[in-house]
Amino acid sequence: MTQRTWTWLLCVALVTTWGCGKADRPADDASTVADAATEELSEVDQAAEETWAIWEETEDPEVKVGLARDFLERYPDSDHTGDFLGSAVYHFTESLDRPDEAYELVEATLSKVEDADTRLDAQMQLAVLHSKTERLEELSTLADTMAEEHSIQFTDHLRLMELGIEAGAWNLVVEQAEAGLAFASTQAFKAQWPDESDEYAARAGQRRSVYCMAYKGWAQENLGQHEAALATFSGADDDTTYSLLGVDDTPLHLYWGKTLLLQGEPDAAMAKLTAEALFGSKEAKESFAEAWTAAHDSDDGLEERLWALRQEYAKPLPQFALPNYEGETFESTEFIGDVMLVAAWNPT
Amino acid sequence: MELPRLEPLWQKYRDQGLQVIAIDSEHDTERSVEFIAENNLTYHLLEDHEGDDNVVASKLEIYGFPTSYLVDRQGRILFSHIGFEEGDEVQMEEEIRKLLGP
């Protein structure tokens, strides 16, 4: 169970870093967390910290949901509400298979929340629950309510798109993508993050647009609008940026490839998915393998093909020089001839 | 956490020519040094600080942590891992063996 919890926590971290965060949040956003940590803790923060400490020590989902429930009974309306609800929803649905109790907890908490931001956090957890239990109508109604009650931001639209994709609420995904596109500009990004440079904001605005188009295209394909889906993907292509290894930094190529595969074009699908399959997500690799199998009637030769493509797509490691903790400088070129595992990390 | 899981890989394959290079992008040397000592990490541990920027992480286009690259003997990046889940080190070991060669 520990493994599962940590995997989940990692996933949450990944979603934050590579989903919403990567799509959107400026890189230095984490500094506010560090600043807060140095200030004296309020009663509720203190209680939250103590609860999380116990949370991390236990492997029992029953204990975890109990901790979340107790905390939310005492402090239903705080900055921690969304985190505790989210964690409880996860365990009620994934570990314990008791979604009804998750509903009780979320609804009881929501009825006590007055702060608008906290309410939005709690509503988002209700949306997660609707998505997990595939209550598509409720999910759609809730999204409307959220838009009426709050001036919701791009990241909220993005989250709703992701929940819609998971649940197969394709009309909702199209609606949210269209709403999200209204935020896909340099000005809209600057309105939310005024300290970012114009250059950064321009790129972030484009990335927002590509995210929306990627999700919208995939939803259109699932709604049977095959031509429209392809047109949506093509429309986003020019705004896409690529990593060092040629991986699209949005889900565009993944969904474009999956769409081509569904449309019976496995070779075209593989062409869209190659860089993603080699260096990106597991999902892309699986879709590539599926496309290979569709094109060749078996998976014979797949591993050989991937290895050959890997040689073709490999990029030289950029040169760098950095000090160790004793101040001694290491040059990356010193290690050419050896196999290098270069791991970028941070201790928090 | 990824870093402690790399130590056994480094110990096992260093004689065959594996270099493990960890690049620390947090601007908190004290905390990092403590972490390294607690986990007895002995491979190359480098600090990526220049003012407020992570120059090398930007150069390597790394925007999420942890991210790792596996580089072959010709200096080409052949594998990458974004994020780290328990069990990933098994796949990483396979890839390392592939790059180390017979």
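The values are calculated or read from the model by the stated rules, or taken from the named source; none is laboratory data. Note that the coordinates shown come from a computational prediction; the quantities given were computed from them, not determined experimentally. Ideal geometry is used to build each Cβ from the backbone, glycine not excepted, and the neighbour counts take in all protein chains shown.
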ask   = Looking at A:Phe154, A:Phe84, which one is of a type outside the set (Ser, Thr, Tyr), within 30 Å of A:Ser209 (Cβ to Cβ) and touching a Phe, Trp or Tyr at 6+ places or on another chain (Cβ under 6 Å)?
value = A:Phe154
query = Which residue pairs have Cβ atoms under 6 Å apart, sit 6 or more places apart or on different chains, and have a first residue in the stretch A:304-333 that is loosely packed, with under 11 Cβ neighbours inside 10 Å and a second that is part of a strand (DSSP E or B)?
reply = A:Thr329/A:Ala321; A:Thr329/A:Pro323
request  = Considering (1) more than 8 Å from every other protein chain (Cβ to nearest Cβ); (2) surrounded by 14 or more Cβ atoms within 10 Å (Cβ to Cβ); (3) assigned to a loop (DSSP other than H, G, I, E, B), say which one B:Tyr63 fails and leave the rest.
outcome  = (1)
ask   = Hey, among A:Trp170, A:Trp193, which residue is among the aromatic types (Phe, Trp, Tyr) and in contact with a Pro (Cβ under 7 Å, 6 or more places away or on another chain)?
value = A:Trp193
task = Mind telling me which of the residues B:Val90, B:Val71, B:Val55 ends up being surrounded by fewer than 18 Cβ atoms within 10 Å (Cβ to Cβ) and within 9 Å of another protein chain (Cβ to nearest Cβ)?
result = B:Val55
task = All but one of (1) facing chain B (nearest Cβ under 9 Å); (2) within 21 Å of the chain's Cα centre (by Cα) hold for A:Pro323, so report the exception by its number.
result = (2)
key: Among the residues listed as A:Ala268, A:Ala295, A:Ala289, the single one being among the hydrophobic types (A, V, I, L, M, F, W, C), closer than 28 Å to B:Met92 by Cβ and in contact with a helix residue (DSSP H, G or I) (Cβ under 8 Å, 6 or more places away or on another chain)   = A:Ala289
query = Residues in the stretch B:1-13 that are facing chain A (nearest Cβ under 8 Å) and among the acidic types (Asp, Glu): how many?
reply = 1
request  = Output the residues belonging to the stretch B:42-91 that are polar (S, T, N, Q) and in contact (Cβ under 8 Å) with a residue 40 or more places away in the chain.
outcome  = B:Ser68
query = Is it the case that A:Leu273 is closer than 28 Å to B:Ala57 by Cβ and crowded, with 24+ Cβ neighbours inside 10 Å?
reply = yes
remark   = Apart from one, (1) buried (at least 18 other Cβ atoms within 10 Å of the Cβ); (2) free of Cβ contacts under 8 Å to residues at least 40 places away in the same chain all hold for A:Glu196; the odd one out is (2)
ask   = What is the number of the single condition among (1) crowded, with 20+ Cβ neighbours inside 10 Å; (2) in contact (Cβ under 8 Å) with a residue 40 or more places away in the chain that A:Gly280 does not meet?
value = (2)
key: Among residues of the stretch A:71-126, those that are within 21 Å of A:Glu149 (Cα to Cα), surrounded by fewer than 16 Cβ atoms within 10 Å (Cβ to Cβ) and of a type outside the set (Lys, Arg), counted   = 7
inquiry  = Please go through (1) at pLDDT 90 or above; (2) surrounded by 15 or more Cβ atoms within 10 Å (Cβ to Cβ); (3) under 26 Å from B:Gln74 (Cβ atoms) for A:Leu254 and return the number of the only condition it doesn't satisfy.
reply    = (3)
key: Index of the failed condition, A:Leu309 passing every other in (1) modelled with pLDDT of 95 or more; (2) more than 23 Å from B:Arg73 (Cβ to Cβ)   = (2)
Flag if B:His81 is more than 7 Å from chain A (Cβ to nearest Cβ) and within 11 Å of the chain's Cα centre (by Cα) = yes
ask   = Residues in the stretch A:183-227 that are within 22 Å of A:Asp248 (Cα to Cα) and either in contact with a Cys (Cβ under 6 Å, 6 or more places away or on another chain) or assigned to a loop (DSSP other than H, G, I, E, B) (or both): how many?
value = 3
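Applying the selection to the stretch B:1-27, what residues are farther than 18 Å from A:Glu328 by Cα and surrounded by 15 or more Cβ atoms within 10 Å (Cβ to Cβ)?
B:Glu2, B:Leu3, B:Arg5, B:Leu6, B:Glu7, B:Leu9, B:Trp10, B:Tyr13, B:Gly17, B:Leu18, B:Glu26 - these are the residues of the stretch B:1-27 that are farther than 18 Å from A:Glu328 by Cα and surrounded by 15 or more Cβ atoms within 10 Å (Cβ to Cβ).
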inquiry  = For the stretch B:36-49, check the following and say yes or no: at least one residue is aliphatic (A, V, I, L, M) and either on the phi > 0 side of the Ramachandran plot or assigned to a helix (DSSP H, G or I) (or both).
reply    = yes
query = Give me the pairs: first residue in the stretch A:244-261 and under 13 Å from A:Ala291 (Cα atoms), second residue surrounded by fewer than 23 Cβ atoms within 10 Å (Cβ to Cβ), beta-carbon distance under 6 Å, and six or more apart or on different chains, which are they?
reply = A:Leu260/A:Ala268
ask   = Can you tell me which residues in the stretch B:14-48 are within 17 Å of A:Ala343 (Cβ to Cβ) and more than 8 Å from chain A (Cβ to nearest Cβ)?
value = B:Arg14, B:Asn39, B:Asn40, B:Leu41, B:Thr42, B:Tyr43
